[in-house]
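Below: the structure, in structure tokens.
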Amino acid sequence: ETNYLFTRAFLGRGIAKRKFNDVLGAILDWSYAAENGNKIALDYIKKELIKNSLNLNNNEINKIKLKVKEEEKSYLFSDAIISYNLIIDFYTLLDNSEDDLRTYYYKRGLCKERINDNQGALLDWTIAALKGDKNASTLLKEKRDNEKSFINRKKLYKNLDLKVNKFRIPIKDFDFIV
């Protein structure tokens, strides 16, 4: 019981130190808590390790944001995707950055679509939509409405038995459009 209370105290003190930019002190407190079995402290250490390895700060991110706009204007979409990757990694580590994340997932998806990475674009837009991006939701709806499926939709819905929420015939028997 005492060990648990000490590890919680070190975890809390580490969080307080980090809020006041005492990163070294925070890591020392979290390392004590992690060594004594506190998994939350270990998560904080991993987060700092990633931040440290990215070696990014707000000024550098702002430079990358300007750079990505130029890359998009110059039709350098592969370069823009790399810049968006850095921006997304940075904002993923910050608390309360959902607005930024959803915007950058949406924009990265647009770049991926421009280089014909349609699966990557759909995945990014899905993440953006799940985070609340209305543009991504609208775009996904348009893509679904315009989808040319191999399965004939009329036959698919005609054979769906809504009472039991099952199909009357096996999926392998559906008409396929070629």
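Need one number: nm distance between label points at Lys19 and Ser31, each 7 Å from Cα along Cα→Cβ, rounded to one decimal.
Going from the Lys19 label point to the Ser31 one covers 2.4 nm.
Hand me the tally of lysine pairs in the stretch 36-112: alpha carbons under 27 angstrom apart, and the pair either on different chains or 8 or more positions apart.
26
Between Leu94 and Leu42, what is the label-to-label distance in nm when each label sits 7 Å out along the Cα-to-Cβ direction?
2.9 nm
With a 1.4 Å probe and every protein chain left in place, work out the accessible area per residue of the stretch 89-146 in Å², rounded to a whole number. It would help to have the intermediate numbers written out before the result.
Numbers: 3540 Å² over 58 residues.
That works out to 61 Å² for each residue.
How many percent of the accessible area of the stretch 44-114 is carbon or sulfur, using a 1.4 Å probe? Display every interim value, and only then the final one.
Numbers: 2080 of 4350 Å².
Here carbon and sulfur together make up 48 percent of the probe-accessible area.
Counting Lys +1, Arg +1, Asp -1, Glu -1, what net charge surrounds Asp99 among other residues with beta carbon under 11 Å of its beta carbon? It would help to have the intermediate numbers written out before the result.
Working: positive: Arg102, Lys131; negative: Glu98, Asp100, Asp133.
Here the count lands on -1.
The values are calculated or read from the model by the stated rules, or taken from the named source; none is laboratory data. Given the structure is predicted, the values throughout are model-derived calculations rather than measurements. All Cβ positions, even for glycine, are placed from backbone atoms using ideal geometry, and neighbour counts span all protein chains on display. Quick note on the areas: whole protein, heavy atoms, side chains included, nothing else; ligands and nucleic acids left out. Shrake-Rupley method; radii C 1.70, N 1.55, O 1.52, S 1.80 Å.
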